[in-house]
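Worksheet for the structure shown next.
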Amino acid sequence: MKRSIVIHRKITWLILFSVVSLGIASGFIYSGKKNIEKSNSVINQTYETIEVLQMAITAIFETGTVPDNLLDSLEKVTRENKDLQPALPTLREYIAAKRPAGEIRQLLHYMLDEEKQLLTARKDANVLVNQHVAIVLILGRVGAFLFVVIILLMVNKDITQHKTTQKKLIAAIAEAQQARKMQEQFLANMSHEIRTPMNGIKGMTDLLLETPLSDKQLDMAGMIKRSINTLLVVINDILDFSKIKAGKLHIEKIDFSIREVLNSTQSLFAHSLRSKGLQLQIAIDPTIPDCVIGDPHRLNQVLNNLLSNAIKFTNKGIIKIGVQVQEQTADTTVVRFNVTDTGVGIPEESIGYIFDSFSQAGLDTTRRFGGTGLGLTICKQLLQLQGGDISVTSTVGKGSAFEFYLPYGLTNKQAPDAPATTSTQEYNNLLTGKNVLVAEDNEINQKLIEFVLRKAGGAVTIASNGEEAVQHLLENKTYDLIIMDLQMPKMDGYATTYYIRHQLRLTTPIIAMTATAMKDEQWQCLHAGMNEYMTKPFEFAELYKRIIQLVD
């Protein structure tokens, strides 16, 4: 930017100098022209004077008399040229005294010689004037040319430096874009490498919890599952943060019930509240609409984060969630949420930056309570993406109060019914008589999915990669369902699905199952020809629900 300003400034100076130089040159030309015209006029008058004198001398020589109009003619030609003015009185006396014609002719010869000498001097002066004007113009042109050349050289140097800087900037942008792609790829790989074994741990833990266990074993298995859920929160925070920074986080606009989201949040933390002996009070303004238009998942995410923090930092007392209508128009409503606790509170010096990335209230917060320091940052950015915002007030030792607001659209539709909590036992005969092909390269996940599908009554065939899955399809095209991992050796899930849809021409339902969970992946799966998309770790009931939608 600074370099561009310098270039523009030099070009401006060049234009100004050109205008000034043109003005000065025009002034010199005009002045020189006037001097030359004046000199030429004097020379022409001298020629006229000489002509008049020669004619008078000739007339006197031929006739012996002085022409009657001689004085008038001389006065006329010397009116502006005053050279003969001193001699005219003498000539007038000679003529008045009727001096001899020879004397008068001799005087005229004297005057003629004087004029001829003046004519020579004036011609020489005229030559000098022309030379002077020519020299001034040449020097002006040379100076202007040199100035223009210098300015152009400087501008060219600046432009060259500007282009070099621009190339470096383009290279830096390309490098930054490449670094961002590498970061996204790293996050995708990290997500896959962590979620893949976590899927096995979580799935096997869920299977373990469905087997007969002693109270102690049941408690241990429950702690394993809660630890996995905590780790999932950390991973999801990091992934959501990266999506927000990349501008790739999608905000939905669907019909939902605020009351149902609150009920879901309350159910999710019921165990944590009981284990710490805390009370949760929810107060909902009766004027809150039954159904609004917005993103229930993101509201749930914000509420879960704030309630999780409230439980984490409160050892005794009450946690309250309040919901009120802040303002409402014919087609929109702004809803204000309050989450207050009676916990440890936030130091006043920390309140200013607790919404910053990776910030926490104290240096020992992570050690004592865990977390990434991204939760509140994500909450604030999620709210701002939806047109809302968040603030906090707190007193150390007395608790904290978080307040946020969100605008929602209004609709006349009824709130969708809440999904009933379903036990996996109800899906025991879901796949009876059905053949399922599973393409999965991880051995633990192979066994997990096989257990889950066989539990629902299905016959399961395992393929360790896409090539094996295609081979099984070539040998037996009667599979009722295909569960497809995306990242596999030899032939990944996308290539395998493309081959199934375009080469084998099969319409068998395909459920994509991925541990990457990065942006645009769901769209890529559906675009490739898959029918459903699930991320690992997955809930058994959720998988069964997807299967019901696809398998008759």
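Read-outs throughout are calculated quantities, based only on the coordinates presented, and are distinct from any laboratory measurement. Worth saying up front: this structure is predicted, and the values here are computed from it rather than measured. Here the Cβ positions follow ideal geometry from the backbone for every residue, glycine too, while neighbour counts run over all protein chains shown.
Taking neighbour Cβ counts within 10 Å as the exposure measure, how do T432, T265 sort from fewest upward?
On the way: T432 10, T265 22.
By the 10 Å Cβ count, ascending, the order reads T432, T265.
May I have the convex hull volume per residue, in Å³, for the Cα set of region 102-156? Walk me through the intermediate numbers first.
Working: hull volume 1.7 nm³, N = 55.
Taking the convex hull of the Cα positions in region 102-156, it is 30 Å³ per residue.
Could you pull out the pairs from K434/K455; K455/K490; K276/K320; K225/K536; K202/K276; K380/K536 whose alpha carbons sit more than 19 Å apart here? Walk me through the numbers before you get to the answer.
On the way: K434/K455 12 Å; K455/K490 30 Å; K276/K320 15 Å; K225/K536 14 Å; K202/K276 24 Å; K380/K536 27 Å.
Among K434/K455; K455/K490; K276/K320; K225/K536; K202/K276; K380/K536, the Cα-Cα distance tops 19 Å for K455/K490; K202/K276; K380/K536.
Across 10 Å bins from 0, what is the distribution of all Cα-Cα pair distances for region 424-550, in whole percents?
It works out to 13, 50, 33, 4, in whole percents.
Ranking request for peptides 438-446, 473-481, 166-174, 394-402: highest mean number of other beta-carbon atoms within 10 Å first, then the rest in descending order. Don't jump to the answer; show the numbers that get you there.
Values: 438-446: 20.4, 473-481: 14.2, 166-174: 10.3, 394-402: 17.3.
In decreasing order of mean packing, 438-446, 473-481, 166-174, 394-402 become 438-446, 394-402, 473-481, 166-174.
Please give, to one decimal in nm, the separation of the simple spin-label points placed at S227 and I254, each 7 Å out from Cα toward the Cβ.
With each label point 7 Å from Cα toward Cβ, the separation is 3.4 nm.
Let me spell out the model: positive unit charges on the Cβ of Lys and Arg, negative unit charges on the Cβ of Asp and Glu, origin at the Cα centre of region 258-410. What dipole size does that give, in debye rounded to 20?
Working: 12 positive and 13 negative charges, 147 e Å.
Dipole magnitude for region 258-410 comes out near 700 debye.
Between L268 and T165, take the C-beta separation as r, use R0 = 45 Å, and let me know the FRET efficiency to the nearest 0.05.
Working: r = 54 Å, r/R0 = 1.20.
Efficiency at R0 = 45 Å is approximately 0.25.
Using DSSP, restrict attention to beta bridges with both residues in region 258-410 and report what percent are antiparallel, rounded to the nearest 5.
On the way: 26 of 32 bridges.
Taking every DSSP beta bridge with both residues in region 258-410, the antiparallel ones total about 80 percent.
When a/c is below 1.5 the answer is rounded, else prolate if a/b is larger than b/c, else oblate, so apply that to region 258-410 with a ≥ b ≥ c taken from the square roots of the Cα gyration tensor eigenvalues. If you can, show how the numbers build up before the last one.
Values: a/c = 1.94, a/b = 1.45, b/c = 1.34.
Verdict is prolate for region 258-410.
Based only on other Cβ atoms within 10 Å, what is the fewest-to-most ordering of C379, C291? Numbers along the way, then the final one.
Details: C379 22, C291 19.
Ordered by Cβ neighbours within 10 Å, fewest first: C291, C379.
What order do you get for R226, R274 when you list them from fewest to most C-beta neighbours inside 10 Å? Walk me through the numbers before you get to the answer.
Values: R226 14, R274 9.
The fewest-first ordering by Cβ neighbours comes to R274, R226.
Only Cα pairs under 8 Å and at least 6 apart count here; give the relative contact order of region 424-550 as a rounded whole percent. Show your work: numbers first, answer last.
Working: 208 pairs, mean separation 28.1, N = 127.
Result for region 424-550 is 22 percent.
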